[in-house]
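Read the figures in this text as sums done on the coordinates, not as results from a lab. Just so you know, these numbers come straight off a predicted model, no measurement behind them. So basically every Cβ, Gly included, is an ideal-geometry build from the backbone, and we count neighbours across all protein chains shown.
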Amino acid sequence: MAEKNSTGRRREDSWFGKKIGNRNFVYKDFEANFVEVFDDLRMGNSPDFDALESDRIPDLHELLIKYGEHRVIEEFADDQYIRKFYALIPEINKSLNLILEKVTNFGLITGLSYGNNDPCAFFRRLRGLDLPEHVVGVLDQISDTAESLCSLRGSIVTFLSERIRNTMPNTSDLVGEEVALELLFSAGSLRNLALMPASAIQVLGAEKALFKHVVQGTPPPKHGVIFKCKGMSALKSNERGRVARFIACKAAITLRADYAGTRIDTAEMKDKIQGLLKRKKN
């Protein structure tokens, strides 16, 4: 590493090697090994590379951009892929609903009503309506596009179901895949979840209500995403907070195990949750 000046501060040229007088000494094969060099410097260590005299100092700006790209890819863990794909589902649903809103009138002209059926099934029925040929051709394209979106949504749901079971197996067993996905999405990462106390896990997903409580003094939220756990909606409102806290306490254990990559037996915890739900329901 470069020398320190009289004030103890590291010299600005220390990132590429060292400078002695007017001579530059750059780490050997620096541009090929810049990741290892910057990793060492970031940790406060001296890179384990010989410094050779060079008449050119590497382009720090370009190398830092490349190093940043490397760090993003390296630290983009599986839970982040899950969050990004999960965020697509409401956007796909929104697109399908917008298309549906505009094309239902074509069905009404020919007696084809939507009702409350699956939008994807309605789009399949749009083909071959008794309309002018040039209109039917466009409707067929709309139907194909909408069905492609439906197929994409199904593929994403299948991917998420598999990956959440792999990334958060204990929590998925405890509260279900959907709740595990929403907890991960709300918290930002599995690491954040693992570091959260049970009180924070309990109200994840109720950030707006929590903000109003802090700012306006409204009653604090009793639960957030955890309300979607099986059996919660059947409870009286004055019992939900206690049960949500109990589930959050158990989830805090499974989330730490998931982050550590450890598989634990959740059967006893699930039995206790179900027992509490039955007592509070009655």
* To do: Under a cut-off of 13 Å between alpha-carbon atoms, report the aspartates and glutamates in cross-link reach of Lys278, not counting same-chain residues fewer than 8 places apart.
  => Glu239
* **Inter-centroid distance (Cα atoms) of the range 168-221 relative to the range 30-88, Å** => 33 Å
* To do: Search the structure for amide H atoms under 5 Å from the amide H of Asn24, placed 1.01 Å from N in the peptide plane, and list their residues when 5 or more places away or on another chain.
  => Ser54
* Would you list which lysines come within 21 Å of Lys102, measuring only between C-alpha atoms, while excluding same-chain residues fewer than 8 positions from it? => Lys94
* With everything on Cα atoms, drop me the angle between helix 267-281 and the longest principal axis of the chain, reported from 0 to 90° to the nearest 10. => 40 degrees
* Does anyone have the angle between helix 133-167 and the longest principal axis of the chain? Alpha-carbon axes, 0 to 90°, nearest 10? -> 60 degrees
* Asked: Angle, helix 207-216 long axis vs. longest principal axis of the chain, Cα atoms, 0 to 90°, nearest 10?
  -> 80 degrees
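Remind me, relative contact order of the range 149-282 in percent, using alpha carbon pairs under 8 angstrom and six or more residues apart?
29 percent
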* Just in the range 117-201: which trypsin sites (Lys or Arg not before Pro) are loop by DSSP and have at most 15 other Cβ atoms within 10 Å? -> Arg127
